[in-house]
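Below is one structure, written out as structure tokens, with a few remarks after it.
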Amino acid sequence: MAKHIQAVRGMHDILPPDSERWAAVEAVARELLEGYGYREIRLPLVERTELFRRSIGEVTDIVEKEMYTFEDRSGDLLSLRPEGTAGCVRAGIEHGLLFNQQQRLWYAGPMFRHERPQKGRYRQFHQIGVETFGMEGPDIEAELIHLSARLWQRLGVTGIELELNSLGTPAERRVYRQALVEYFFEHYESLDEDSRRRLEHNPLRILDTKNPEMQALVEAAPRLLDHLGEGSRARFDELQELLADRGVSFRVNPRLVRGLDYYCHTVFEWTTRRLGAQGTVCAGGRYDGLVEQLGGRPTPAAGFALGMERLIALVEEDDPGWRPPAPHGYLVMVGAGARRAGMLLAERLRSAIPGLRLVCNCGGGSFKSQLKRADRSGAALALILGEDEAAAGTIAIKDLRGTHEQRTVAQADLAAELEALREAGVLQD
Ligand code: HAM
């Protein structure tokens, strides 16, 4: 046998029934987003590398070491998208969706980062992302946060908490950055290798360190919140009031800085302790400077993205008994005449009953083996068509899960019989 080729490390197949659970979660998210007036945008998986350099930031982990970057056959330098915000802004500028308008957009799909794979962290992972443009105040941020809170609620997800911070304006951040650099230089001896490297290019990221030996130092560092001007502080207060009004609880985390450079003012993360080290399920914030930075007119913007793998892990843990909808019926056909009549009958039923889930036996097999397949399919009913039934224009209905007696009915009456069984709750929607 030829050597079997395996999937690329960190990139996963999503098989049934997991794929069905994904689809169910996506359907809930879609319905919720549409209910808030968000419209779907579909974006390419590949963009010019330059786009990510200019948006996420040259000296971020993502751009420095995690992108799948390649030259295509025309010599263009391209990358698989590591996130969706940059592409969404690019598309918005390119198609004139942003200037002097308000937009509420969302997308779903795979993202790619060459990180070290572990539980909850993959090289191909999936996000549902939400981006808004043209809305300045904290009201839209409160909407985004409330929308995500409602999604957890609708999915029955528990044990997930909201952390908030404000990064202020770029000018405020520059002053703060200086104060932070001075502080860390005073404690240079206590910095680990990684932090010394970050000190030069991205000192705010030191606050994000997971190194336990650095915690005390980071804890005592100057706080960005103390460097906010009056305007920034007022906005942040207003957001907190809006959330409190809506009954959304949160914790202000002055060390929340995010790993992408485009944020200003509000940043937030939904985190859980239930997933081990990879506990951030959803994250986002305001990014007012990005549209201009990418060549558009200045446009306020805010959004978030959730990690599907992490969300699904929580959903599965909270509801382990979930099953995808099983077929309503499995059509057993024995003999050539029955096969011909059965296929026609199945198509007639599909036309007559919208939403019917009917599996036809294909590939032959004895009556016994077909009935076994019917049982394994999870179908509620076996619809049995032998040579005798085919000749008589009848069909047998066998209840595979309940206690109803097997009955034989005229084929012409089958659609009505199935409708009646649906009404009686034997066939679930
Ligand atoms: P991010 O924090 O890089 O933000 O990613 C958002 C979420 O994607 C994370 O909270 C996590 O749940 C999931 N995620 C990230 N990397 C991985 C991975 N390697 N494996 C599994 N899940 C992962 C952004 O991407 C921003 N574009 C969010 C945003 C939208 N900000 C404004 N608008």
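The values are calculated or read from the model by the stated rules, or taken from the named source; none is laboratory data. Computed from a predicted structure; not experimentally measured. With ideal geometry, Cβ positions are generated from the backbone for all residues, glycine too; neighbour counts draw on all protein chains shown. Quick note on the areas: whole protein, heavy atoms, side chains included, nothing else; ligands and nucleic acids left out. Shrake-Rupley method; radii C 1.70, N 1.55, O 1.52, S 1.80 Å.
Take the Cα of HIS187, step 7 Å toward its Cβ, do the same at ASP319, and the gap between the two points is 4.5 nm. The peptide list 81-90, 173-182, put in order of mean Cβ contacts within 10 Å with the highest first, becomes 81-90, 173-182.
Here the chain exposes an accessible surface that is 50 percent carbon and sulfur, computed with a 1.4 Å probe and the other protein chains kept in place. Between segment 207-262 and segment 293-327, the alpha-carbon centres lie 23 Å apart. Note on exposure: TYR188, TYR107 ranked by accessible area (1.4 Å probe, complete protein assembly) read TYR188, TYR107, with the most exposed listed first. The aspartates and glutamates whose alpha-carbon is closer than 19 Å to the alpha-carbon of LYS65, local same-chain residues fewer than 8 away aside, are GLU47, GLU50, GLU83, GLU115, GLU193, ASP194, GLU200, ASP208, ASP261.
Across the alpha-carbon set of segment 325-429, the Rg to Rh ratio works out to 0.92, Rh being the Kirkwood radius. Dividing the radius of gyration of the alpha carbons in segment 258-385 by their Kirkwood radius gives 1.33 for Rg/Rh. The value obtained for the chain, namely the Cα convex hull volume divided by the number of residues, is 211 Å³ per residue. Rolling a 1.4 Å probe over the heavy atoms of the protein chains gives the chain an accessible area of 51 Å² per residue. Return the single residue from ALA346, ALA108, ALA24 with maximal mean-square fluctuation; model: Gaussian network over the chain, springs between Cα atoms under 10 Å. For the chain, modelled as a Gaussian network with Cα springs under 10 Å, the answer is ALA346. Charged neighbours of GLU423, selected by a Cβ distance under 12 Å, balance to -2 (K, R count +1; D, E count -1).
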